[in-house]
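J.: The structure under discussion is supplied below as structure tokens; questions concerning it will follow.
The values are calculated or read from the model by the stated rules, or taken from the named source; none is laboratory data. Keep in mind the model is a prediction, meaning the values are calculated, not measured. For neighbour counting, all protein chains shown are included, and Cβ atoms are generated from backbone atoms with ideal geometry for every residue, glycine included. These area figures cover heavy atoms from the full protein model, side chains too; ligands, DNA and RNA do not enter into them. Shrake-Rupley method; radii C 1.70, N 1.55, O 1.52, S 1.80 Å.
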Amino acid sequence: MEINLGQLAFDIDFHPSQQLVTTGLINGDLHLYRYTSDSVPERGLQVHAHSESCRAARFINNGHAILTGSPDCSILATNVETGAAIARLEDAHGGAVNKLINLTESTVASGDDEGCIKVWDTRQQSCCISFKVHEEYISDMTFAADSMKILGTSGDGTLSVCNLRRNKVQAQSEFSEEELLSVVIMKNGRKVVCSSHIGNLLLYSWGCFNDCSDRFVDFSPNSVDVLLKLDEDRLITGSETGLISLVGILPNRVIQPIAEHSEYPVEGLAFSHDKKFLGSIAHDQMLKLWDMDDLLQGSTKTLKHQAAVEDSDSDEMDMDNNPPKSKKGTKRKNASKDRVSGSSNNFFADLQMDG
């Protein structure tokens, strides 16, 4: 299934329990679609959410609202049923809002182009923690719920670990010449995998974040823009070549390409709530929904073949002893608006009243 969005999409997210998918577009619009396995997806909402591009979109409040972020520095909450604005925080960040993730039922995190990560607590009805941890844009974040830590990647080439319990930056990796673009936690919390703009996958051992322990170079030199965790041993990558691939981690291998979105870079990947569908967006302005059973059927045969011919594989990562030197890319270096005035005190109070 595919949908022509008519504009470049920056983010994609699925409803936590219903067959709904949302996208944020370059023109500031927010789209919401209802899909089924046997019919063409239907658009339920089209909202002009921001004066500038809509870079981030996430379902919150058990799917009752969609939160969006923009280079206009605002964060907007939109009602899923009506499309009405629930609340708008005009001064969410001092720079362009680039990323949003859910943390707990009552907290979300946002990241901006100036390297700042903020945590918003619905119970406190305001921003409760702010980390100025990176020197360049926040490219991705993920949350370790058991330890209450946010892991962030940035265009400055570092991985950060923000401890919410202690309200401090617990660790930050050494600076690298590679922009880190995406991050996932694998192997039951023992490994952290980051992708880079020159196609490397960097593995960090949990608790040893100063430098990566392994480097996987099979995608180089093509940028790996998106990582999506499938299970503890496998992840899905989205590349600037348009390829979507299934990758095994420890042992490390490209199991196989499972889809080709287009010839344009993949911008985002997400699973439906039941993992029956994989959603992808790219620079071709198309939203595509892939049947996961169909995608993974071929990979099962590939794994069986690899097991037969490579039964002596170890768990060691392919090492790159002489990584290429490269200037940092400019994937999302956009000028940020000046910070505007406003108050955050009643932002999440409005959300709770609406829900």
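J.: What does the accessible area per residue of region 103-260 come to in Å², with a 1.4 Å probe and no ligands, DNA or RNA counted?
T.: Working: 5410 Å² over 158 residues.
Heavy-atom accessible area per residue stands at 34 Å².
J.: Which sequence of T23, T82 reflects their accessible areas, 1.4 Å probe, from the largest down?
T.: Working: T23 0, T82 95 Å².
From most exposed to least exposed: T82, T23.
J.: Over the alpha-carbon set of region 157-285, work out the extent along each principal axis and list the three values in angstrom, largest first.
T.: 42, 34, 30
J.: Quantify, in whole percent, the carbon and sulfur part of the accessible surface of region 103-260 (1.4 Å probe; protein heavy atoms only). Mind showing how you got there, number by number?
T.: On the way: 2310 of 5410 Å².
About 43 percent, which is the carbon plus sulfur part of the accessible surface.
J.: With +1 on each Lys and Arg Cβ and -1 on each Asp and Glu Cβ, how big is the dipole of region 103-260 about its Cα centre, in debye rounded to the nearest 20?
T.: Numbers: 14 positive and 23 negative charges, 168 e Å.
Approximately 800 debye in magnitude.
J.: Give me the orientation-averaged projected area of the Cα convex hull of region 40-193, in nm², one decimal. If you can, show how the numbers build up before the last one.
T.: Values: hull surface 41.3 nm².
Projected over every direction and averaged, the Cα hull of region 40-193 covers 10.3 nm².
J.: Oh, and also: Restrict the search to region 1-81; then list the GluC sites (Glu not before Pro) that DSSP places in a loop and that have at most 14 other Cβ atoms within 10 Å of their Cβ.
T.: On the way: sites: E2, E42, E52, E81; in loops: E52, E81.
Passing sites in region 1-81 are E81.
J.: Can I ask one more? Find, among the chymotrypsin sites (Phe, Trp or Tyr not before Pro) in region 169-220, those assigned to loop by DSSP (not H, G, I, E, B) with at most 13 other beta-carbon atoms within 10 angstrom.
T.: Working: sites: F175, Y204, W206, F209, F216, F219; in loops: F175, W206, F209, F219.
Passing sites in region 169-220 are F175.
J.: Apply the Karplus curve 6.51 cos²θ - 1.76 cosθ + 1.60, θ = phi - 60°, to the phi angles in region 88-103 and return the couplings in whole Hz, x for Gly and Pro.
T.: Ordered by residue, 3J(HN,Hα) equals 10, 9, 6, 10, 4, 9, x, x, 4, 7, 10, 8, 9, 9, 7, 10 Hz.
J.: At a probe size of 1.4 Å, how large is the accessible area of D211, to the nearest 10 Å²?
T.: Answer for D211: close to 90 Å² accessible.
J.: Taking H placed 1.01 Å from N in the peptide plane, check which residues at least 5 places from A65 or on another chain put their amide H under 5 Å from its amide H.
T.: Close amide H contacts, sequence-distant or interchain: I60, V80.
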